[in-house]
Amino acid sequence: MRDRSVNEAADILGIPLETVKTRVYYALRALRIVLEERGVAT
């Protein structure tokens, strides 16, 4: 999102705000899982 708000990202991408929020949520969840598997995060 490069320092943009969720609202700005939704406007730029032309998709609903809730879609951006959902995609960010699942992306962060996937990243957290990968980092935990590699022992980087707990």
Matching option when the condition is out of contact with any strand residue (DSSP E or B) (no Cβ under 8 Å at 6 or more places or on another chain) and either at pLDDT below 95 or not in a helix (DSSP H, G or I) (or both), among R23, R4: R4
Could you pull out the residue among E37, E8, E18 that is surrounded by fewer than 10 Cβ atoms within 10 Å (Cβ to Cβ) and either without any contact (Cβ under 8 Å) to a residue 40 or more places away in the chain or within 10 Å of the chain's Cα centre (by Cα) (or both)? E37
When residues of the stretch 26-42 are filtered for being assigned to a helix (DSSP H, G or I) and small (G, A, S), how many remain? 2
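The values are calculated or read from the model by the stated rules, or taken from the named source; none is laboratory data. Note that this is a predicted model, so its numbers are computed, not measured. Positions of Cβ are backbone-derived with ideal geometry, glycine not excepted, and every protein chain shown enters the neighbour counts.
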